[in-house]
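Report on one structure; see the data block that follows.
Just so it is clear, none of the values below were taken in a lab; they were calculated from the coordinates. What you are looking at is a predicted structure, and each value in this text was computed from that prediction instead of being measured. We place every Cβ from the backbone using ideal geometry, glycine too, and count neighbours over all the protein chains shown.
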Amino acid sequence: MKKFYKNVRIITTIILLGLASIQTTNAQVLPCQVNMFFEQSTSNSNIYTFNATLTGDSVCGMYNPQFTWVIYGNPNTTLTGSQVNYTFPQTGTYFVCVNASYQGMVSTKCDTILVQPPVGCTLNFTSSTQGLTASFSMIVPPNCFDSTSVYNWNFGDGNNATVTGITNISHVYSASATYQVCLTATTANGQTSNSCNSVTVSSGQGPFNLGGMVLANGACTQDTVMVELYGLNNNHYSSTYLAGLQDSCFYALMTALIAMPSQYIIRATPMNNPAYIPTYFGDVLFWGDATVINPMENLWNLNINLLQNIYDTIPALGTVSGTITGNGVSVSSTFNGNPINTTFNVTASRVIVLNSLGQPVGFAIVNPDGSFSIGNLPAGNYSLRVDNPKVPSTPIPFTISGGNTTTVNFAATASGIAAVTSSGNKIKAQSVQIVPNPANNQISVDGISGEFEILDSKGRSVLRSTSAQKIDISNLGLGIFQIRGLSKEGKSVSARFIKK
């Protein structure tokens, strides 16, 4: 009987050891996992709240783990608890780990945290008006809104609009007034942003004062300048003259009382200085490229920087002249795709000469009878173009070679300004010939004997030589230069060339 009990004890011990072995094996196969969650504070972007949970098999929820956090930095920081708050010392990238200790086991979770200021999702919008039409453009912060964002507009006159993903919108009001316009939008992260602005519309715009400075090379011009105001679809409104005295380069013009559409262009024309040419606000040469002004208030910063004539005033070879006819002709054209109708005014024209590179080299104000003349042109290929507000013109090519005058006559038609005739008449040939002209790196000269010199556009000597063939000009800057010396007969002669 004693032997039997002994055997029972042995069997029982084996069974208990077997159960312990099974429990250990199950714990290794189905361990619990620690998970990390974190959230940035809305009041301080450097403050984060961290949470940890233990998940896995159903028994994991029965454990009471010990959570230990390590935030790696300089120095490292250790915190304990299932939820901890931590203020990072500065923006940057950090490494954070949490350990969950339970039943003699440890589960670890790590993640990288990018600490940076939160994106400001404050929405705003700008407005522009044309008559009773107001156009609104949203200022959309990046990462806040996307193509699914919904925008709700309240135009302030009882009308509303809801659009999705569209950041620009227009609205036509029924009466002149000032309206409070509000926009409400839902951001990509679910936040709501609101913005309100006032907008004033009017069936008639003006009058407004427009003003600014006429500058030459960034400084106040000391020359007499005529400044003119044109309406985009209206006649010439007004003009003023600057006297050319010290600090008198500021102009002031007044728009029309009622002008629809209320868009304007401004042109400045130097009257006595051939170093500069007529220039529109926007620092451009021709009306079709000018910057359009849409005044909704007085504007005093419309500065015009006169474009420089690339040539100096040293007498040269040829002259281009002619006439423009068609005063009073009705012309239909377009500007930015909009139809423009006007009556041609010959005295509003300026005739501008462009070189082969399209650069301006001179201009002429047209006389009341339509005649014009531009001289001091070196040999070369040119084009002539008429600039007249609201009237398109194409460039007409011509050539000055061997010393000649060229005649180009224009006429206004129903669609713009066209060339009528173009002819060249030889005059006495220049005694000094320079080839090629314009030139890049070297030139050859015929008609000069002995030593000669090359002068820059300011009359300074930049090169002397006795060899007239293959003269190296590669070290000269771009511009106009004059060769001066003696002919074979001993007479003083000179000629100009262009270094390009």
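Some points to look at:
- Values of log10 I(q)/I(0) for the stretch 433-499 across q = 0.12 Å⁻¹ run -0.25, by the Debye formula with one identical scatterer at each alpha carbon and no solvent.
- Gained length - T77 relative to T325, 0.36 nm times residue gap less alpha-carbon distance: 80.5 nm
- The A414 and N475 beta-carbon pair, evaluated with R₀ = 45 Å, returns a calculated FRET efficiency of approximately 0.25.
- At full extension, N381 and T112 could sit 90.0 nm farther apart than now, given 0.36 nm per residue minus the alpha carbon distance.
- Diffusion coefficient, µm² s⁻¹, Stokes-Einstein with Kirkwood Rh over alpha-carbon pairs of the stretch 318-426 at 20 °C and 1.002 mPa s: 152
- Rough spin-label spacing in nm, given labels placed 7 Å along Cα→Cβ, for T394 and F37: 7.3
- The stretch 210-308 pair-distance distribution - Cα-Cα, 5 Å bins, rounded %: 3, 14, 27, 26, 17, 9, 4, 0
- Theoretical FRET efficiency, 1/(1+(r/R0)^6), r = Cβ-Cβ of T91 and M254, R0 45 Å, to 0.05: 0.25
- Rg and Dmax of the stretch 124-201, Cα atoms only, in Å: 12.5, 39
- Taking the inverse of the mean 1/r over every pair of distinct Cα atoms in the stretch 33-115 gives a Kirkwood hydrodynamic radius of 13.3 Å.
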